[in-house]
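Colleague: One structure follows; several queries about it will come next.
The values are calculated or read from the model by the stated rules, or taken from the named source; none is laboratory data. Model, not experiment: these values are computed from the prediction. Methodologically, a virtual Cβ is constructed for each residue, glycine included, from the backbone with ideal geometry; neighbour enumeration extends over all protein chains shown. Surface areas here come from the heavy atoms of the whole protein model, side chains and all, with no ligands, DNA or RNA. Shrake-Rupley method; radii C 1.70, N 1.55, O 1.52, S 1.80 Å.
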Amino acid sequence: MATNIPAKLLSPYNPAETETPIYQLWQKSGLFNPDESIKLGITKPDADPFTIILPPPNVTGTLHLGHALMITIQDILIRFKRMQGKKTLWIPGTDHAAIATQAKVEKEISKKEGKSRYDLGREEMLKRIEAFAQQSHDTIVSQVKRLGASTDWSREAFTLDEQRNLAVRTVFKKMFDDGLIYQGSRIVNWDPKGQTTIADDEIVYEEEKSKFYYFKYGPFTIGTARPETKFGDKYVVMHPDDARYAAYEHGQKIDLEWINGPITATVIKDTAIDMEFGTGVMTITPWHSNVDFEIAERHSLDKEQIIDKYGKLLPIAGEFAGMKIKEAREKIVEKLQSKGLVEKIEDTYVHKIATAERTNGIIEPQIMKQWFVAVNKEFTTPHSEINGIASGSKTTLKELMRKAVDGKQVQILPDHFDKTYFHWIDNLRDWCISRQIWYGHRIPVWYKSSSLGLMGVGGGSQIYCGIEAPEGEGWVQDEDTLDTWFSSGLWTFSTLGWPSSTVDLKTYHPTNILVTGYEILFFWVARMILMTGYMFGTIPFSTVYLNGTVRDSQGRKMSKSLGNGGDPIETSEKYGADALRMFLATATTPGMDSRIYEDKIKGYKHFSNKLWNITRFILTNTENYTYDAQFSAWSEADEALTAERTEFIQTITKEMEEYKLHLSSEHIYKYVWTRFADVILEESKLIFKDGDEAAKASRAQFLHHTLRIILRVTHPYMPHVTEELWLLLTTGKSISEISEQNVTIEPSKLLLAQSWPA
RNA sequence: GGGAGAUUAGCUCAGUUGGUAGAGCAACCCGUUUACACCGGGAAGGUCACAGGUUCGAGUCCUGUAUCUCCCACCA
């Protein structure tokens with residue numbers, strides 16, 4: 001065996017020995033931080049920036065393969081752009097995920113200690129949640145590192161830390177002052193289980209089979225699935241064009257016998273009624289139904305609360321007061337039956353009930369005082385770079401969101417998702433941002449009751465919205481916290497130091513690309529566009545890359561109950577993070593779901609070994625030739641191979657610039673394996689055996705040159721194995737020797753710092 | 001009810017300026033202790049869901065149908 005072959009190359013590649021120490025070497029180099037990279041002379045100070053902000057994982061648990069996918073895509077892009085000489089910044093962070101985190105900890109405490117959050121009190125409860133969040137955070141960070149992510153840890157952020165909290169209060173106050181945040185009594189989605197409101201998009205509809213009742217209501221028959229809400233129903237509504245009820249006039253009063261005795265009902269004609277459904281007549285419960293609420297608003301009707309915050313009936317229900325909904329339902333039907341008011345009961349009625357995504361509680365709509373962001377209200381934007389909205393003109397938040405994507409300033413990949421986006425925007429209602437939970441950003445509003453009587457007229461209370469608490473005695477802060485997406489919406493600029501006017505903000509914002517799952521297009525992507533458009537009149541990122549969902553081998557969604565979640569760390573331990581990354585890169589196209597196949601991941605482990613053996617082969621067979629970067633006496637055959645190689649590089653460079661990583665990764669795999677290893681190396685054996693000296697020298701140099709190029713282009717996909725091979729080639733030392741002997745590696749000598757080949 | 005996507009080799013999926021169908025895995029045959037068995041060579045396998053249309057030419061564009069998936073929407 002040759003003497004200049006590093007001993008480590010003689011045995012098969014073992015990712016477990018390489019990956020962690022290689023990551024430590026990178027971290028020591030400081031090159032994930034663009035400021036360091038400039039200081040070291042690797043990145044030019046005036047280079048174009050390229051920024052990605054990592055979608056912050058929730059501190060509710062640990063990472064799954066879906067996270068691994070999104071991290072892989074971002075790291076490939078960042079490493080690619082870094083090698084192209086860009087001033088690259090990738091900021092990591094985590095999300096406090098308000099309701100989800102609180103619910104999880106509450107559940108745990110209730111299970112272990114049998115206590116509720118009210119037993120513990122706000123302060124103690126928050127302490128517990130923070131401890132949990134910290135632990136979860138630490139796990140997530142180590143997982144992100146294990147995957148090889150070249151994130152700048154010196155800039156790490158958390159959606160609920162001091163800096164981000166200041167950003168939240170600053171935005172809130174500005175919106176409040178502009179009249180875009182208001183407090184209003186509106187119908188909201190109340191989760192009796194979580195004791196909080198939730199947003200429209202936090203609702204999950206579940207199909208349920210239930211009974212459908214037909215009751216006699218004076219001269220009418222009304223159909224309902226919810227008899228327990230009917231106590232206050234004194235309006236009976238029908239479509240104005242319904243011939244069957246032409247005899248009744250809008251506003252007509254009718255006396256009739258109802259659940260708890262005689263009442264006077266009023267006839268209302270409204271086009272919201274579906275003539276085809278049921279009997280075409282219904283009574284309304286504005287306090288507990290959106291549609292009913294809207295009807296009531298249109299005709300200025302009374303609204304009465306029937307059900308309380310805990311899902312129990314109020315005194316208006318008479319003898320049924322205090323009962324839970326389910327219990328009351330049957331008893332009410334019994335009573336109506338005894339009064340002869342039940343016409344028929346169907347039990348094949350299938351409908352969808354609204355449940356809370358985070359707690360599974362059944363949503364009970366309620367009219368409550370909540371904070372809202374007005375999406376349709378006009379305001380004057382001082383400065384706008386969004387096409388179609390002039391600086392100083394009047395606009396709405398909805399218009400900002402629409403125009404940013406309409407003009408392709410924000411490009412969504414795959415582009416058909418912009419239709420989905422517009423559809424959502426056009427149907428958007430005001431965004432309820434207050435939550436009745438403790439974990440989150442407290443609403444920066446304070447109240448002071450004027451019991452001293454100094455205020456005179458009205459004698460009510462004072463309200464103050466500010467970034468800091470108001471001066472003086474007697475101010476009490478609003479108990480509520482903000483929807484977690486409010487702070488997430490600021491993420492692209494709150495991570496860059498805003499509201500201070502930092503160098504980072506000037507340099508790296510707007511960011512270049514957001515990589516995230518399509519399921520949070522509305523939750524998050526839209527709200528980032530809203531917040532950035534509002535605060536700066538710009539876009540938060542120019543491209544949104546929507547990755548698909550990672551499913552198991554049977555096409556099922558990953559879930560805890562199925563136990564098929566897939567642990568990226570376990571997979572990395574088994575096959576190497578590089579193999580997992582390469583698999584994820586090849587298996588995914590934007591917007592399309594993909595399945596995990598362990599056999600394929602295994603295939604990419606073989607690929608890392610192939611790189612290993614290619615290196616060994618070249619070193620063994622070219623012992624008499626040292627790598628010469630200036631070599632130019634190419635043989636005719638090698639000229640041709642060089643041209644072919646150049647074409648290959650151009651192809652993958654173009655694909656990567658267009659974010660088509662599934663194509664570039666496959667092309668790299670094919671070039672390396674089926675072209676370079678299977679054909680070129682095999683031919684080389686003959687040349688080294690029988691060729692003349694010039695041909696041998698040319699081929700030896702070609703192999704050396706090409707190997708270095710292969711390591712560079714493969715590096716974004718499989719950073720660890722390529723880095724170790726690079727170090728073996730350039731220093732003759734393995735990563736274990738480097739760490740054990742404390743060998744200093746100049747940051748500029750790392751593969752991480754090399755330039756992208758042309 | 002509205003919208004979007006999918007349908008290509010046994011399985012999982014690629015395939016955008018329309019030009020004679022691709023990969024990985026599986027299966028089949030052969031070879032090799034010669035960088036690598038975490039290997040090499042070879043062969044096999046598809047009326048690109050279906051029906052029309054545009055075109056010299058369609059997996060790719062248009063229309064319609066079927067099946068599946070997802071998203072949005074509180075028919076009480």
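Colleague: What does the charge dipole of chain A about its Cα centre add up to, to the nearest 20 debye, if the Cβ of each Lys and Arg holds +1 and the Cβ of each Asp and Glu holds -1?
Modeller: 580 debye
Colleague: Using protein chains only and a probe of 1.4 angstrom, how many square angstrom of A:Glu598 are accessible, to the nearest 10?
Modeller: Rounded to the nearest 10, that gives 90 Å².
Colleague: PRE reach from A:Ile38 (point 7 Å along Cα→Cβ): which of region A:502-519 fall under 14 Å by backbone N?
Modeller: A:502-509
Colleague: Next up: Going highest first, how would you order A:671-678, A:298-305, A:183-190 by mean Cβ packing within 10 Å?
Modeller: The densest-packed peptide leads the list: A:183-190, A:671-678, A:298-305.
Colleague: How much length is gained on full extension from A:Glu327 to A:Lys408, taking 0.36 nm per residue of separation minus their Cα-Cα distance?
Modeller: Extending this stretch completely gives an extra 23.7 nm.
Colleague: Taking a ≥ b ≥ c as the square roots of the eigenvalues of the Cα gyration tensor of region A:659-731, is the shape rounded (a/c under 1.5), prolate (a/b larger than b/c) or oblate?
Modeller: Since a/c reaches 1.5 but b/c is at least a/b, the shape of region A:659-731 is classed as oblate.
Colleague: Counting other Cβ atoms within 10 Å, keep those with at most 16, restrict to DSSP loop, and tell me which chymotrypsin sites (Phe, Trp or Tyr not before Pro) in region A:23-62 are left.
Modeller: Counting only loop positions with at most 16 other Cβ atoms within 10 Å, none of the chymotrypsin sites (Phe, Trp or Tyr not before Pro) in region A:23-62 qualifies.
Colleague: Let's see if you can work this out: charge +1 on each Lys and Arg Cβ, -1 on each Asp and Glu Cβ, no other charges. What is the dipole magnitude of region A:669-721 about its Cα centre, in debye to the nearest 20?
Modeller: 240 debye
Colleague: What fraction of the DSSP beta bridges in chain A is antiparallel, stated in percent and rounded to the nearest 5?
Modeller: 70 percent
Colleague: Using a 1.4 angstrom probe on heavy atoms only, work out the carbon and sulfur share of the accessible area of chain A in %.
Modeller: Result for chain A: 50 percent of the exposed heavy-atom area is carbon or sulfur.
Colleague: Could I ask something else about it? Along the charge dipole of chain A, pointing to its positive end and built from +1/-1 on Cβ of Lys, Arg, Asp and Glu, which listed residue (A:Ala328, A:Tyr518, A:His715) has its Cα farthest out?
Modeller: In chain A, that residue is A:Ala328.
Colleague: Suppose R0 equals 25 Å; then what is the FRET efficiency for A:Glu208 and A:Glu519 from their Cβ-Cβ distance, rounded to the nearest 0.05?
Modeller: E between A:Glu208 and A:Glu519, to the nearest 0.05, is 0.60.
Colleague: Taking 0.36 nm per intervening residue step and subtracting the Cα-Cα distance, what contour gain separates A:Ile353 from A:His423 on full extension?
Modeller: Here the segment from A:Ile353 to A:His423 would lengthen by 22.9 nm.
Colleague: What is the sum of charges, Lys and Arg at +1 and Asp and Glu at -1, for the other residues whose Cβ falls under 11 Å from the Cβ of A:Leu727?
Modeller: 0
Colleague: With point charges of +1 on the Cβ of Lys and Arg and -1 on the Cβ of Asp and Glu, referenced to the Cα centre of region A:597-704, which listed residue (A:Ala643, A:Ile614, A:Gln701) lies farthest in the positive direction of the dipole?
Modeller: The Cα lying farthest towards the positive end belongs to A:Ile614.
Colleague: Let me check I've understood the local charge: for A:Lys216, count other residues with C-beta under 15 angstrom from its C-beta, Lys and Arg +1, Asp and Glu -1. What total comes out?
Modeller: Around A:Lys216, the surrounding residues sum to 0.
Colleague: Additional query: With a/c under 1.5 counting as rounded, go ahead and sort region A:546-597 into rounded, prolate or oblate using the C-alpha gyration tensor (a ≥ b ≥ c being the square roots of the eigenvalues; past the cut-off, prolate if a/b is larger than b/c, else oblate).
Modeller: It comes out oblate by the Cα gyration axes.
Colleague: Net charge around A:His704, counting only other residues with Cβ within less than 15 Å of its Cβ (Lys, Arg = +1; Asp, Glu = -1)?
Modeller: +3
Colleague: Still on this structure: Per residue, what accessible area does chain A have, given a 1.4 Å probe and all protein chains present, in Å²?
Modeller: Value returned for chain A: 43 Å² of accessible area per residue.
Colleague: Quote to one decimal, in nm, the extra length available between A:Lys685 and A:Arg556 on full extension: 0.36 nm per residue of separation minus the C-alpha distance between them.
Modeller: Extra length from A:Lys685 to A:Arg556 when fully extended: 41.6 nm.
Colleague: Could you give the dipole magnitude of region A:234-374 about its Cα centre, charging the beta-carbon of Lys and Arg +1 and that of Asp and Glu -1, in debye to the nearest 20?
Modeller: 500 debye
Colleague: In region A:166-207, whose amide N lies under 19 Å from the spot 7 Å out along Cα-to-Cβ of A:Thr380? List them in ranges.
Modeller: Inside the label zone: A:174-181.
Colleague: Relative contact order for chain A: what is it in percent, counting Cα pairs under 8 Å that are at least 6 residues apart?
Modeller: Relative contact order for chain A comes out at 17 percent.
Colleague: Got a sec? Charge dipole of region A:357-446, +1 on Cβ for Lys and Arg, -1 for Asp and Glu; which of A:Leu397, A:Ile362, A:His423 is way out at the positive end?
Modeller: Of the listed residues, the answer is A:Ile362.
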